[in-house]
Amino acid sequence: MARDLTRQFAGGVGLDGLDLEAHPGEVLALLGPNGAGKTTTVRLLNGVLVPDRGGSRVLGLDPVGAGDDVRRRTGVLTENAGLDDRLTARENLRAAGRIRGLRGPALERRLDELLERFGMTERADVTVHGASTGQRKRLALARALLHDPDVLFLDEPTSGLDPAATRDVVALIGSLAAEHGRTVILCTHFLGEAGRLADRMAVLHLGRLRAAGRPEEIAARFWAGLPVVLDLGAPADERLCGRLGALPGVIEADPAPDGVRVVVADRDVVPRVVAALVADGIDVYAATPHPPTLEDVYFAVEAAIAAEEIAAPAAGVRS
């Protein structure tokens, strides 16, 4: 998808040497704070910006030389919906469809289909001026899907939405990647929605890719061990914790309200811990793994980045 993709701006680097791939039918989340390079990535992949170095392929096409062809097969939802408040929902979609080359009965059928799917039928012929933020987001998402794109870019799709509207939009997005093997690139700094939707994630920081892969793959790189809570019916004492902590593959063991919390090197260690407890005549009622959440993984990456930034000046001083 992207190889050494780089773009500089007057205020600094927007994207620095990005190497990244997205696969058909998956949701790839681009994570990072404002200024990380997410929006720059979307613009480069759609041929709106020209890279200073490197390049990319979208659906086998070069966005620099074939930008129009790329944009015919991609849909983009920007953070700002960009709707015309003077027009109705149907008129907004119809105008966008005509720009895309859709005409006549086929366009009208597509409008009816999308308005119904996105819950906008009752407001179809009401001006957008009085629509809520959630309704505007749904309408903008419908507009991005008018031409049934193969790749869908969503830039902060739930920004400004209340919890109920966020839930509705996330549910809609979740169904889109499954259709026709469509690829969804989700740019967000909201970790909750990324965790519910993303098959893979890429963490950007100041224009540089710092981690990419499935959350569990990134966790294995940045997160030490798997926490597991063992229900023993009562809190474990320090002696038992010490014995468990000495077992091969156990990183640490601490008392928990109903037993013990162990951190193990990997899940294969858990049966050995349970067997050791049972051999000592201790009942084990449950063993519940607590793998790191997407938030845990993301902040572990952020912590590693911060540590690198602190270490770099220090190394310069020592030299």
Response to the item:
GLY54 vs (1) modelled with pLDDT of 95 or more; (2) buried (at least 17 other Cβ atoms within 10 Å of the Cβ); (3) at negative phi; (4) not hydrophobic (A, V, I, L, M, F, W, C): all pass except (3)
Worksheet item: Yes or no: VAL42 crowded, with 23+ Cβ neighbours inside 10 Å and under 22 Å from ASP199 (Cβ atoms)?
Response: no
Discussion item. Restricting to the range 248-285, give me the number of residues that are part of a loop (DSSP other than H, G, I, E, B) and either in contact with an Asp or Glu (Cβ under 8 Å, 6 or more places away or on another chain) or buried (at least 16 other Cβ atoms within 10 Å of the Cβ) (or both).
Written reply: 5
Worksheet item: On the given criteria, is THR6 assigned to a strand (DSSP E or B) and either among the hydroxyl-bearing types (Ser, Thr, Tyr) or free of Cβ contacts under 8 Å to residues at least 24 places away in the same chain (or both)?
Response: yes
Response to the item:
Checked the range 200-219 for anything among the charged types (D, E, K, R) and within 21 Å of LEU5 (Cβ to Cβ); matches are ARG200, ARG208, ARG210
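The values are calculated or read from the model by the stated rules, or taken from the named source; none is laboratory data. Remember, it's a predicted structure, so these values are computed and weren't measured experimentally. Here Cβ is always computed from backbone atoms with ideal geometry, including for glycine, and neighbour counts include all displayed protein chains.
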